[in-house]
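J.: Got a structure here, written out as structure tokens. Questions coming.
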Amino acid sequence: MFEKIKECGPSFDQGHIRITVYLYCIFILVKIDKDKRLVVLDEELEGISPDELKDELPERQPRFIVYSYKYQHDDGRVSYPLCFIFSSPVGCKPEQQMMYAGSKNKLVQTAELTKVFEIRNTEDLTEEWLREKLGFFH
């Protein structure tokens with residue numbers, strides 16, 4: 001089991017959406033429960049690659065993804081950057097896109113995430129894509 005690395009209070013309010021989230025050092029899929037107006041855990045996935053994760057993402061629904069990625073540096077060092085990926089596929093309902101887009105910044109800010117990326121096509125989520133994005137931080 002991975003160690004708990006961050007707990008974002010019990011919850012916080014952002015306008016009309018109340019957000020409760022706990023982060024662990026694995027792939028975490030987070031969605032917005034429209035009826036409860038909460039950001040909730042959708043699924044926790046261990047031991048899969050970004051390439052395998054894309055098969056777990058809904059094709060036409062947004063998701064927030066938190067991932068601690070094992071990054072092998074050119075000099076041999078290993079780090080585990082905590083990445084936030086906003087998946088907002090083409091074809092999502094505009095109402096869903098607005099709810100997720102409106103919650104993204106507050107969630108990132110509260111969880112103190114610094115490596116923030118967005119994808120519009122779930123097929124783009126590959127290990128190569130993530131390594132390229134993380135390369136800008138090193």
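J.: In segment 29-54, whose amide N lies under 11 Å from the spot 7 Å out along Cα-to-Cβ of Lys93? List them in ranges.
T.: In segment 29-54, the label zone of Lys93 (backbone N under 11 Å from the point 7 Å along Cα→Cβ) covers 34-35.
J.: Could you check the simple spin-label distance between Glu128 and Ala101, using points 7 Å along Cα→Cβ, in nm with one decimal?
T.: According to this spin-label approximation, the distance is 2.9 nm.
J.: Follow-up question, since we're still on this one. Report the FRET efficiency, 1/(1 + (r/R0)^6), for Glu46 and Arg77, where r is their Cβ-Cβ distance and R0 is 35 Å, rounded to 0.05.
T.: The value I calculate is 0.90.
J.: Would you please give the residues with an amide H less than 5 Å from that of Lys115, counting only those at least 5 places away or on a separate chain, with H modeled from the backbone geometry?
T.: Residues meeting the criterion, in which the H sits 1.01 Å from N, are Phe84.
J.: Right, here's the next one. For each pair in Lys34/Lys54; Lys36/Lys106; Lys36/Lys133; Lys54/Lys133; Lys54/Lys115, compute the distance between the two Cα atoms and list the pairs where it is over 28 Å.
T.: Checking Cα-Cα distances, Lys36/Lys133 exceed 28 Å.
J.: Give the carbon-plus-sulfur fraction of the accessible surface of segment 28-136 in %, rounded to a whole number; probe 1.4 Å, heavy atoms of protein chains only.
T.: 43
The values are calculated or read from the model by the stated rules, or taken from the named source; none is laboratory data. Just so you know, these numbers come straight off a predicted model, no measurement behind them. Using ideal geometry, Cβ is built from the backbone for each residue, glycine included, and neighbour counts are taken over all protein chains shown. Remember, those area values only see protein heavy atoms, side chains included, never the ligands or the DNA or RNA. Shrake-Rupley method; radii C 1.70, N 1.55, O 1.52, S 1.80 Å.
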